[in-house]
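Chemist: My questions will all concern the structure given below.
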Amino acid sequence: MDIIGILRKRTHLLKFEYDFLRGEFNKLKRLIVGITGASAGIYGVRLLEVLTKHEDIEVHLTISSSGARALLEELQIKVDLDNFELESLIGISSPRVIYHHESDIAAPIASGSFRTAGMIVAPCSMGSVASIAGGMSRNLIQRAADVCIKENRKLVLVPRETPLSSIHLENMLKLSRMGVCVLPAMPGFYHYPKNVDDLLNFIVTKILDQFGIDTKLIQRWKE
Ligand SMILES: Cc1cc2nc3c(=O)[nH]c(=O)nc-3n(C[C@H](O)[C@H](O)[C@H](O)COP(=O)(O)O)c2cc1C
């Protein structure tokens, strides 16, 4: 075979590899998870525990400095944002969780050309709600959320605050009107929860329902 023939064959093979990898990408769901400084960081922790069990999901994780502080105050979980190890947060490591520092505005998730299925911010502070509603992009969580909004990708915010002021409510209404899913950390009680785990699982199920990811964590109503 002459050089042209070899090149033709190689090009064909490369195209096949490219198509194959593209197919693999479509099978893999990339999700962004942000943990901010609202109370109940435990929701973010449970979410990651569940997502790491799904082999077809790649998580891009970022945590705000207030998020790290709240995790320390509430759960005595110490995460080092500069030398992050997933183990410090959920007790195991996973190659499918890719961490980005909140100040790394050059991270892939800061760009709309990096394809993802969307983003979850759990828990979401009122500060982050306000910044996202105002398009501030002051850290990577806010920028990634801004990207999801502009690219019409699913964005699920899990606010945790009570009572809610008019400022909070107006910001959430503004986001809801843009198509953002505002999913407050308000567990139901119709699945007869017996402990805190059951309450966490209820919210995590509701979050992942938004992405068509079934967790089988709770007994669904009349199913
Ligand atoms: C232990 C702890 C609990 C907090 N709980 C809440 C909360 O439930 N909701 C909220 O909006 N802010 C809460 N905050 C305040 C936020 O952390 C603060 O507004 C911060 O600036 C939010 O920044 P971030 O959105 O970038 O993480 C809490 C702070 C601490 C330390």
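Please treat every number below as a calculation from the coordinates, not as lab data. As the structure is a prediction and not an experimental result, all values here were calculated from the model. Please note: Cβ atoms are built from the backbone with ideal geometry, for glycine as well, and neighbour counts cover all protein chains shown.
Chemist: Can you work out the Karplus-derived ³J(HN,Hα) for every residue in segment 113-127? Use 6.51 cos²θ - 1.76 cosθ + 1.60 with θ = phi - 60°, whole Hz, and x for glycine or proline.
Modeler: These are the phi-based 3J(HN,Hα) values: 6, 7, 6, 9, 7, x, 9, 10, 10, 9, x, 10, 6, 5, x Hz.
Chemist: Could you list 190, 99 so that the one with the fewest beta carbons within 10 Å of its beta carbon is first and the one with the most is last? Mind dumping the intermediate values first?
Modeler: Details: 190 12, 99 18.
In increasing order of surrounding Cβ atoms, one gets 190, 99.
Chemist: Taking 1 over the mean of 1/r across every pair of different Cα atoms in segment 29-209, what Kirkwood radius in Å do you get? Let's see the in-between values first.
Modeler: Values: mean 1/r = 0.0617 Å⁻¹.
Mean inverse Cα-Cα distance, inverted, gives 16.2 Å.
Chemist: Identify the residues of segment 119-137 with backbone N under 14 Å of a label point that sits 7 angstrom from the Cα of residue 165 along the Cα-to-Cβ direction, or state none.
Modeler: 126-131
Chemist: Tell me which residues come under 5 Å, amide H to amide H, from residue 121 once H is placed; ignore anything under 5 positions away on its chain.
Modeler: 34, 156, 157, 158
Chemist: Given H placed 1.01 Å from N in the peptide plane, which residues other than close sequence neighbours of residue 29 have an amide H under 5 Å from its amide H?
Modeler: Amide H to amide H, under 5 Å and 5 or more residues apart or across chains, residue 29 pairs with 57, 58.
Chemist: Next up: Skipping prolines and chain starts, which residues have an amide H placed within reach, meaning under 5 Å, of the one on residue 99, given they are 5 or more residues away or on another chain?
Modeler: Here the answer is 61, since their amide H atoms fall under 5 Å of that of residue 99.
Chemist: Next question. What percent does the relative contact order of the chain come to when contacts are Cα pairs within less than 8 Å and at least six residues apart? If you can, show how the numbers build up before the last one.
Modeler: Values: 353 pairs, mean separation 41.9, N = 223.
Relative contact order, the chain: 19 percent.
Chemist: Set the Förster distance to 25 Å, then compute FRET efficiency between residue 69 and residue 173 from the Cβ-Cβ distance, nearest 0.05. Don't jump to the answer; show the numbers that get you there.
Modeler: Working: r = 29 Å, r/R0 = 1.14.
Rounded to the nearest 0.05, the efficiency is 0.30.
Chemist: Please report the spacing between the Cα centers of segment 90-162 and segment 202-223 in Å, no decimals.
Modeler: About 22 Å separates the Cα centre of segment 90-162 from the one of segment 202-223.
Chemist: With +1 on each Lys and Arg Cβ and -1 on each Asp and Glu Cβ, and nothing else charged, work out how big the dipole of the chain is about its Cα centre, in Debye to the nearest 20.
Modeler: Details: 27 positive and 25 negative charges, 161 e Å.
Computed charge dipole of the chain: roughly 780 debye.
Chemist: Something else about it: Too long at a 29 Å Cα-Cα cut-off: which of 29/206; 154/194; 78/174; 78/206; 53/154? Kindly include the intermediate steps, with their values, before the conclusion.
Modeler: Numbers: 29/206 18 Å; 154/194 31 Å; 78/174 34 Å; 78/206 27 Å; 53/154 21 Å.
Result: 154/194; 78/174 exceed 29 Å.
Chemist: Let me ask something additional. Using the Karplus curve 6.51 cos²θ - 1.76 cosθ + 1.60 with θ = phi - 60°, work out ³J(HN,Hα) for each residue of segment 63-72 in order, rounded to whole Hz, and write x for Gly and Pro.
Modeler: Coupling constants for segment 63-72: 10, 7, 5, 5, x, 5, 5, 5, 4, 5 Hz.
Chemist: I've got another one for you. Between 0 and 90 degrees, rounded to the nearest ten: what's the tilt of helix 140-150 against the longest Cα principal axis of the chain?
Modeler: Around 70 degrees separate the two axes.
Chemist: Shifting gears a bit: Which ordering of 104, 56, 82 is given by a fewest-first count of other beta-carbon atoms within 10 Å?
Modeler: Going from least to most buried by this count: 82, 56, 104.
Chemist: Roughly speaking, what % of Cα-Cα pairs in segment 26-130 are separated by over 22 Å, rounded to a whole number? It would help to have the intermediate numbers written out before the result.
Modeler: Numbers: 1358 of 5460 pairs.
Pairs farther apart than 22 Å: 25 percent.
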